[in-house]
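The values are calculated or read from the model by the stated rules, or taken from the named source; none is laboratory data. Because the structure is a prediction, the values reported are computed rather than measured. Here the Cβ is made from the backbone with ideal geometry for all residues, glycine too, and neighbour counts use every protein chain on show. For the accessible areas, the whole protein counts, side chains as well, though only heavy atoms, and no ligand, DNA or RNA atoms are used. Shrake-Rupley method; radii C 1.70, N 1.55, O 1.52, S 1.80 Å.
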Protein chains: 4
Amino acid sequence: MNSINKLTELFQRFPGIGPRQSKRFVYFLLSQNQSYIQELIRELEVLKQDIVMCDSCFRFFSRNTSKSNLCSICSNGNRDHNKLMIVSSDADLENVERTSVYDGLYLVLGGTVPVLDKEPGKKIRVKGLTDTVSARAQNGLSEIILAMSANTEGENTGEYVEAVLKPISEKFSIKISHLGRGLSTGLELEYSDSDTIASALKNRT
Amino acid sequence: MNSINKLTELFQRFPGIGPRQSKRFVYFLLSQNQSYIQELIRELEVLKQDIVMCDSCFRFFSRNTSKSNLCSICSNGNRDHNKLMIVSSDADLENVERTSVYDGLYLVLGGTVPVLDKEPGKKIRVKGLTDTVSARAQNGLSEIILAMSANTEGENTGEYVEAVLKPISEKFSIKISHLGRGLSTGLELEYSDSDTIASALKNRT
Amino acid sequence: MNSINKLTELFQRFPGIGPRQSKRFVYFLLSQNQSYIQELIRELEVLKQDIVMCDSCFRFFSRNTSKSNLCSICSNGNRDHNKLMIVSSDADLENVERTSVYDGLYLVLGGTVPVLDKEPGKKIRVKGLTDTVSARAQNGLSEIILAMSANTEGENTGEYVEAVLKPISEKFSIKISHLGRGLSTGLELEYSDSDTIASALKNRT
Amino acid sequence: MNSINKLTELFQRFPGIGPRQSKRFVYFLLSQNQSYIQELIRELEVLKQDIVMCDSCFRFFSRNTSKSNLCSICSNGNRDHNKLMIVSSDADLENVERTSVYDGLYLVLGGTVPVLDKEPGKKIRVKGLTDTVSARAQNGLSEIILAMSANTEGENTGEYVEAVLKPISEKFSIKISHLGRGLSTGLELEYSDSDTIASALKNRT
């Protein structure tokens, strides 16, 4: 198999990329000058050295932005260390961070748990989860916010995490909360589903 | 102008119907036998006689379903007459009713108020709104729920209605609430906007 | 069942209209003043009197546009009566007519024949087809153009019509042609299917 | 700027990739084990050595598939060397090749010429085009098929190429043809544009 096909196969594993677009990537690279490809190779080479996983929240961060094994959020004394928001992915964390409405800490599960999954513990960072929560529990953690997507897999992940954390949260009296459900921006009442309306009514303000 | 073009024009005023689909309607009618068209004409003729507007909530209902000038919801003694949900349209009301999570009364505004509209009072049933709320205020009304779509026009309508009702709500100590904002069913955290995340965080449960 | 529901059911038979939009039509009508509904009723009443089917091509036309039983196209001496384009619907005919590139006559089948249909003769105007073609064959008809949509049902309809017309076309030496296949406006070569590329190559000009 | 952001920027230049998906690529890579990234780097390194451009048709091909500087199509004695199809991109060539209906040679322009572009000669391989066509003209080339997408840019590219080739094609009496226009697979007559209908009528078969 030649380079075009091999690279096409490798790009096909990228999230959301099918065989056609994958091949377009390869032709695109062939049409670029060598310096662009060299830069791409160089950045791929340093990626795993430059980027490390935070020892506490498990998000990826650049060594240059923090001198410790903790990311800039976890090592920031101005953030509220008594609140911990649990999210599925780095992308979720970044999107919440963009809103600037949350000042606590995070924990990135690194995945979601599909419904009826037989080995949920292999889909997310369970050990990291209990380790971090246990450590923080002894340092004043008062609330865990489960910030899951409002779909079946998100809900299932939330329930699984809640069950895993139950012993610790009960022992240390840590409140476990969930992001509020309701009408999201742009939603029309006429086209809202029952669950959303029921939540919006319950959470009326 | 011939019948095809005239009917095409009339159907074009139907919500969401453009000139092409409008014409397809006419050709569809031409291909149907006369009995279908006769039935359509008959139902159009009785529509405004059969269907009346409720004196209290202004929704449309069939004379056959209620002996009074009040619809089956307004005249239902088992519903909570102390709660009044204000919606924009009959379709909104029906969608909420389908969820079976609300047991109070409704009021249909019959429209929405666009932002910066110069005559908001002409877009919705303002007189009906104040008349009904005033009457209910003297009969134990304790909460008004503004159930608007989560878009700019819905929010603007909600603000306008709240301002209109302020004198009455203050005089009779009626609470005015809004449907809760948050993650609606299916929404992924990664793609949620700032407002929705902020609301979901605030309304966490 | 009340008028709202009955009308909703009747509108649901309109092409492309589901239960929700159908109901929106009814609420829309309820919100209109009576004069609009009266006009709609009046036009529905005269529709089948005003609009008749052309004796020769079977398109619908207004009595006002022609004094005979033939539509304005069939009775137009300036059009080429030796060419007959066979289309499925009035909408197809109108779309071709809009292009102003065809100066012959038409024949509207009033439907298409699904693949493996057991009674193809009930889906289109077979008797009208053979009657008109036979009559025109004796008056110099030299070409029949099958103008079907480029999908399976269109192709099947074309084959069926061709088989039906074979005895007449052979007897009178009438050429039967099909609309050319190839790249349609906007199509990119990279995303064209095999059939289209094969046709485009064969019909290269 | 850290590796995540640098790589995000580099991936953003990939065709059809925006900032969000670009970042998802990086997080995806971070979640993969090092061997996948190593393989990606290795293939990127050999890409430009393994893949060369054909001296005659300018498509990319693997050195392994051909011993000469000509690709497997150009060096294939069983193909018709008297026909030359000119396409914009390797992807276009591959799509035509997939249909197995064309047995001649190709020439890849490596781009398209936007309308009113001031330097059309910089958008496509003009020198390669005239060199190859001149060489083939002296070896029996009888037809050049312009296989452009059926959009404005494709048509403009076709016109530009035709003008460039005019001196050679006239001198050697080479026919220049264009892919046929018409109804492409799936297109409905009712929704066809004027140009397509006009072409389909002209190219009727």
Does A:Leu47 qualify as being aliphatic (A, V, I, L, M), out of contact with any strand residue (DSSP E or B) (no Cβ under 8 Å at 6 or more places or on another chain) and facing chain D (nearest Cβ under 7 Å)? yes
All but one of (1) hydrophobic (A, V, I, L, M, F, W, C); (2) more than 13 Å from the chain's Cα centre (by Cα); (3) in a strand (DSSP E or B) hold for B:Val133; state the number of the condition that does not hold. (3)
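If you take the residues in the stretch B:183-205 that are among the charged types (D, E, K, R) and assigned to a helix (DSSP H, G or I), which one is farthest from the other protein chains (Cβ to nearest Cβ)?
The selected residue is B:Lys202.
Only residues that are within 13 Å of the chain's Cα centre (by Cα) and surrounded by 18 or more Cβ atoms within 10 Å (Cβ to Cβ): list them for the stretch D:106-122, please.
D:Tyr106, D:Leu107, D:Val108, D:Leu109, D:Gly110, D:Thr112, D:Val113
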For the stretch C:71-93, give me the residue count where each residue is among the acidic types (Asp, Glu) and under 8 Å from the mean Cα position of the chain (by Cα). 2
Being open to solvent by 20 Å² or more (accessible area, probe 1.4 Å) and under 25 Å from D:Ser88 (Cβ atoms) is the filter here, so list the residues in the stretch D:183-193 that pass it. D:Thr185, D:Gly186, D:Leu187, D:Asp193
Matching residues in the stretch C:159-205 (at pLDDT below 95 and of a type in the set (Val, Ile, Thr)) number 1
Of all residues in the stretch C:142-168, which are of a type outside the set (S, T, N, Q), open to solvent by 10 Å² or more (accessible area, probe 1.4 Å), farther than 19 Å from C:Lys118 by Cα and in contact (Cβ under 8 Å) with a residue 12 or more places away in the chain? C:Glu143, C:Met148, C:Ile168
Which residues, taken from the stretch A:159-205, are over 22 Å from B:Asp195 (Cβ atoms) and touching a His at 6+ places or on another chain (Cβ under 9 Å)? A:Glu162
D:Val133: passes all of (1) touching a strand residue (DSSP E or B) at 6+ places or on another chain (Cβ under 8 Å); (2) farther than 18 Å from D:Leu70 by Cα but (2)
Suppose we keep only residues that are out of contact with any strand residue (DSSP E or B) (no Cβ under 6 Å at 6 or more places or on another chain) and open to solvent by 20 Å² or more (accessible area, probe 1.4 Å) within the stretch D:169-182. Which one would you say is farthest from the other protein chains (Cβ to nearest Cβ)? D:Lys171
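On the basis of being touching a helix residue (DSSP H, G or I) at 6+ places or on another chain (Cβ under 7 Å) and either surrounded by fewer than 18 Cβ atoms within 10 Å (Cβ to Cβ) or within 13 Å of another protein chain (Cβ to nearest Cβ) (or both), does C:Leu129 make the cut?
Spelling it out, it is not the case that C:Leu129 is touching a helix residue (DSSP H, G or I) at 6+ places or on another chain (Cβ under 7 Å) and either surrounded by fewer than 18 Cβ atoms within 10 Å (Cβ to Cβ) or within 13 Å of another protein chain (Cβ to nearest Cβ) (or both).
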Restricted to the stretch A:53-110, and to residues that are away from chain D (no Cβ under 11 Å) and of a type in the set (Val, Ile, Thr), which residue is farthest from A:Lys175 (Cα to Cα)? A:Thr99
Of the residues that make up the stretch A:19-27, is at least one within 7 Å of chain D (Cβ to nearest Cβ), open to solvent by 70 Å² or more (accessible area, probe 1.4 Å) and under 30 Å from the mean Cα position of the chain (by Cα)? yes
Collect the residues in the stretch D:45-61 that are in contact (Cβ under 8 Å) with a residue 12 or more places away in the chain, crowded, with 17+ Cβ neighbours inside 10 Å and under 30 Å from D:Glu153 (Cα atoms), keeping them in residue-number order. D:Ile51, D:Cys54, D:Ser56, D:Cys57, D:Phe58, D:Arg59, D:Phe60
Using beta carbons and a limit of 7 Å, which pairs, at least six apart or on different chains, have the first residue in the stretch A:32-44 and within 7 Å of another protein chain (Cβ to nearest Cβ) and farther than 20 Å from D:Val52 by Cβ and the second one surrounded by 14 or more Cβ atoms within 10 Å (Cβ to Cβ) and of a type in the set (Val, Ile, Thr)? A:Leu44/D:Ile37; A:Leu44/D:Ile41
Residue under evaluation B:Ala198, criteria (1) open to solvent by less than 50 Å² (accessible area, probe 1.4 Å); (2) farther than 30 Å from A:Glu94 by Cα; (3) of a type outside the set (D, E, K, R), criterion not met: (2)
Give me the residue from the stretch B:62-76 that is under 21 Å from C:Leu29 (Cα atoms) and open to solvent by less than 10 Å² (accessible area, probe 1.4 Å) and, out of that set, modelled with the lowest pLDDT. B:Ser62
Here are the criteria: (1) in contact with a helix residue (DSSP H, G or I) (Cβ under 7 Å, 6 or more places away or on another chain); (2) more than 7 Å from chain C (Cβ to nearest Cβ); (3) farther than 30 Å from D:Asn69 by Cα. Tell me which single one D:Ile144 does not satisfy. (3)
